[in-house]
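Asker: My questions will all concern the structure given below.
The values are calculated or read from the model by the stated rules, or taken from the named source; none is laboratory data. In this text, all values refer to a predicted model and were calculated from it rather than measured experimentally. Note that each Cβ is placed from the backbone with ideal geometry, even for glycine, and that neighbours are counted across all protein chains shown.
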Amino acid sequence: MDVLFIHNNFPGQFVHMAQAFAQRPGVRVFAVGSPTARPRQGVMLARYPMPKAPPKPGHPLVERFTSDVVRGELAGAAMQRLRREAGCDPALVVGHSGWGETLFARDIFPAAKQVVYSEFFYNYRNSDVGFDPEFPDGGLRTAARIRTKNAGMLTALAAADMGLSPTEWQKRQHPDFLWDRIQVAHDGVDVNAAAPHPDAQFRPAGVDRTFTRHDEIITFVNRQLEPYRGYHVFMRALPEIMAKRPNAQVLIVGGDGVAYGRAAPAGTTWKETYLDEVRGRIDMSRVHFLGQVPKPDFLALLQISSCHVYLTYPFVLSWSLLEAMAAGCLIVGSDTAPVREAIVDGVNGRLVDFFDVVALAETVARTLAERDALGAMRRAARQTALATYDLRVCLTRQMALLDGLLGAQSALEAARPALVPVT
């Protein structure tokens with residue numbers, strides 16, 4: 001049996017599923033990805049080239065769909081190459097729908113069961129766009145752009161047998177007529193690597209000090225320091241937090257770029273923009289910007305954290321929050337829908353209104369003051385991670401869903417007329 005994964009940055013979210021199939025006797029695993037895709041043992045990878053110049057759409061509002069179609073064609077050519085050169089004939093195709101790569105998979109492999117990873121469906125209301133009044137949404141033009149931005153994902157889902165979303169909230173961002181087609185199965189995190197360690201130590205590069213759990217440490221982690229992940233709110237709360245907690249050290253992890261949302265004004269970064277707002281009101285000797293750190297350093301940072309702050313717009317939930325839970329961190333999070341799916345206020349963490357700088361400062365300071373009495377909250381956070389987000393638990397569910405599709409396919413094969421692929 002052949003299985004094909006499609007992801008521009010393979011393996012991406014498919015790393016554990018691909019490995020699980022590769023370990024099965026008699027299963028060949030193939031993958032299609034862009035030049036950034038990375039080879040994995042037991043997987044035959046075909047990369048497609050990126051276009052030398054972005055395509056020119058006929059209308060500005062279909063720019064994203066035009067790009068998706070171009071990627072779909074390039075990925076489709078890579079699929080045909082795998083079929084021609086390696087005899088790839090998948091019973092199952094699993095692909096990420098976010099960049100257009102799966103658009104024509106059904107036409108190339110019509111007999112295969114098709115699964116699309118439905119990570120995020122864009123909405124003009126009750127989602128990330130327009131959530132933050134500091135960044136006006138742009139009105140009808142923005143609404144139209146977002147609606148057409150979903151065209152590729154809708155086309156992919158229409159041709160799929162199943163969608164996979166990592167959280168219930170992400171599933172329900174899709175139109176309700178698609179909910180029955182989309183299953184919820186998180187990717188999971190390594191709860192053995194992200195685990196409490198009473199003797200953990202962390203010595204950041206460029207900081208002449210080693211931190212332990214005996215220190216009072218506030219941690220804030222994101223891929224990039226930007227408004228989508230509440231960096232501006234966190235920085236505005238820092239003066240009051242640091243005034244209330246004169247021994248606290250603040251460790252901030254994240255790059256200077258943008259992963260989501262709009263870029264900072266020309267010549268600036270969001271990091272510097274919001275640091276400049278408070279620079280004269282905080283003790284910079286106690287604030288440490290660490291940039292992007294290696295995974296072992298990130299895990300050690302979680303293990304010595306006294307209070308971990310996680311803020312986000314209504315958007316994709318970060319793996320870093322779940323790893324912080326697995327590490328038994330005391331978490332203060334934003335009271336936004338994705339976070340509420342993982343954190344129950346007062347049970348396995350504390351929640352505050354995303355925009356309430358005063359409440360954030362008070363809650364972080366109170367959590368630090370009470371940290372020795374909050375062992376039950378730490379344990380509850382880890383227990384949630386073990387029960388719901390352990391990658392072994394999640395992989396078992398993912399594989400059961402995929403095997404269920406394959407089983408249904410086998411039962412129908414005898415009665416189904418032969419399907420001819422498009423060449």
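Asker: Between a residue in the range 49-70 that is in the same structural domain as Ser34 (by TED's automatic domain parsing) and assigned to a loop (DSSP other than H, G, I, E, B) and any residue that is surrounded by 15 or more Cβ atoms within 10 Å (Cβ to Cβ) and among the aromatic types (Phe, Trp, Tyr), which pairs come within a Cβ distance under 8 Å, given they are 6 or more apart or on different chains?
Answerer: Listed by first residue and then by second, the contacts come to Pro57/Phe65.
Asker: Now, a different point. Could you check how many residues of the range 219-262 are touching a Ser or Thr at 6+ places or on another chain (Cβ under 6 Å) and outside any loop (DSSP other than H, G, I, E, B)?
Answerer: 4
Asker: So which residues in the range 305-321 are of a type in the set (A, V, I, L, M) and buried (at least 24 other Cβ atoms within 10 Å of the Cβ)?
Answerer: Scanning the range 305-321 gives Val309, Leu311, Leu321.
Asker: Sticking with this structure for a sec: Can you tell me which residue is nearest to the chain's Cα centre (by Cα) among those in the range 224-256 that are more than 18 Å from Leu360 (Cα to Cα) and either at pLDDT below 95 or surrounded by 17 or more Cβ atoms within 10 Å (Cβ to Cβ) (or both)?
Answerer: The residue in question is Gln224.
Asker: Still on this structure, I have one more. Collect the residues in the range 126-150 that are surrounded by fewer than 17 Cβ atoms within 10 Å (Cβ to Cβ) and small (Gly, Ala, Ser), keeping them in residue-number order.
Answerer: Scanning the range 126-150 gives Gly138, Gly139, Ala143, Ala144.
Asker: Something else now. Collect the residues in the range 328-362 that are among the β-branched types (Val, Ile, Thr), surrounded by fewer than 21 Cβ atoms within 10 Å (Cβ to Cβ) and under 20 Å from Pro239 (Cα atoms), keeping them in residue-number order.
Answerer: Once the filter is applied, which keeps residues that are among the β-branched types (Val, Ile, Thr), surrounded by fewer than 21 Cβ atoms within 10 Å (Cβ to Cβ) and under 20 Å from Pro239 (Cα atoms), the range 328-362 yields Val357, Val358.
Asker: Also, quick follow-up: Consider Ser67 carefully, then state whether it is among the small types (Gly, Ala, Ser) and closer than 30 Å to Leu311 by Cα.
Answerer: No.
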